[in-house]
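Worksheet: the structure to be examined is printed underneath.
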Amino acid sequence: MKNVIIYTDGSSLGNPGASGYCALLEYKAPNGTLFHTQISGGEPYSTNGRMELKAVVEGLKLLIEPCHVTIISDSKYICDSIAEYLPNWQKKGFKDVKHTDLWGEYIHVSRQHTIQAQWVKAHNGHPQNEHCDKVAKLNAKVYETL
């Protein structure tokens with residue numbers, strides 16, 4: 001399986017408010033060539049946590065074959081949920097869990113992959129995280145003006 005890194009971030013102006021997300025996928029081919037692709041978008045009224053999760057889901061949707069995926073996020077909510085909480089949430093039928101629609105979608109799009117979540121500190125100079133942060137905020141600003 002290919003190794004893919006998905007860098008993600010979400011933004012919400014007002015939280016809730018105009019919101020945006022970004023997922024940047026990175027794949028290094030066997031010959032050393034580095035490939036990137038990106039998906040981003042937003043919603044007129046959402047939360048930061050929802051956009052963080054939306055970025056992950058939309059990034060995973062871009063994968064066309066089973067992969068080893070490392071999700072790199074500055075959201076402890078996302079990383080801890082994937083690494084620890086999700087199995088118990090499923091057992092309990094997602095009782096009292098936010099964003100169940102997106103978690104259901106995550107379960108569906110992640111099934112064929114091996115996934116690891118890794119947390120990075122926000123606004124700490126990590127180039128890909130900074131890029132996703134900038135794009136997510138730009139998308140939120142677009143929805144703010146609509």
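Would you mind listing the helices (runs of 4 or more DSSP H) fully within region 57-146 where at least 2 residues are touching a strand residue (DSSP E or B) at 6+ places or on another chain (Cβ under 8 Å)? I'd like the intermediate steps shown before the answer.
Details: elements: 76-80, 86-91, 100-110, 127-144.
Per the criteria, 76-80, 127-144.
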Tell me yes or no: at least one residue of region 115-127 is modelled with pLDDT under 95, of a type in the set (A, V, I, L, M, F, W, C) and on the phi < 0 side of the Ramachandran plot. yes
With respect to His126, is the statement that it is over 15 Å from Lys61 (Cα atoms) and touching a Lys or Arg at 6+ places or on another chain (Cβ under 8 Å) true? no
Looking only at region 27-36, and only at residues there that are out of contact with any His (no Cβ under 9 Å at 6 or more places or on another chain) and surrounded by 12 or more Cβ atoms within 10 Å (Cβ to Cβ), the one that is farthest from Gly10 (Cα to Cα): Lys28
Return the residues of region 19-32 that are more than 14 Å from the chain's Cα centre (by Cα) and either part of a strand (DSSP E or B) or over 19 Å from Gln128 (Cα atoms) (or both); say none if nothing qualifies. Tyr27, Lys28, Pro30, Asn31
Residue check for Ala140: touching a helix residue (DSSP H, G or I) at 6+ places or on another chain (Cβ under 7 Å) and under 19 Å from Pro16 (Cβ atoms): no
Residues of region 127-143 being without any contact (Cβ under 8 Å) to a residue 40 or more places away in the chain and either in contact with a Pro (Cβ under 6 Å, 6 or more places away or on another chain) or open to solvent by less than 80 Å² (accessible area, probe 1.4 Å) (or both), which ones? Glu130
List the residue pairs whose Cβ atoms are under 8 Å apart, where the first residue sits in region 33-45 and is more than 16 Å from Asp133 (Cβ to Cβ) and modelled with pLDDT of 95 or more, the second is open to solvent by 50 Å² or more (accessible area, probe 1.4 Å) and hydrophobic (A, V, I, L, M, F, W, C), and the two are 6 or more positions apart or on different chains. Thr37/Leu62; Pro44/Leu146
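The values are calculated or read from the model by the stated rules, or taken from the named source; none is laboratory data. Source: prediction; values computed, not measured. Note that each Cβ is placed from the backbone with ideal geometry, even for glycine, and that neighbours are counted across all protein chains shown. To get the accessible areas, we keep the full protein, side chains included, count just its heavy atoms, and leave off ligands, DNA and RNA. Shrake-Rupley method; radii C 1.70, N 1.55, O 1.52, S 1.80 Å.
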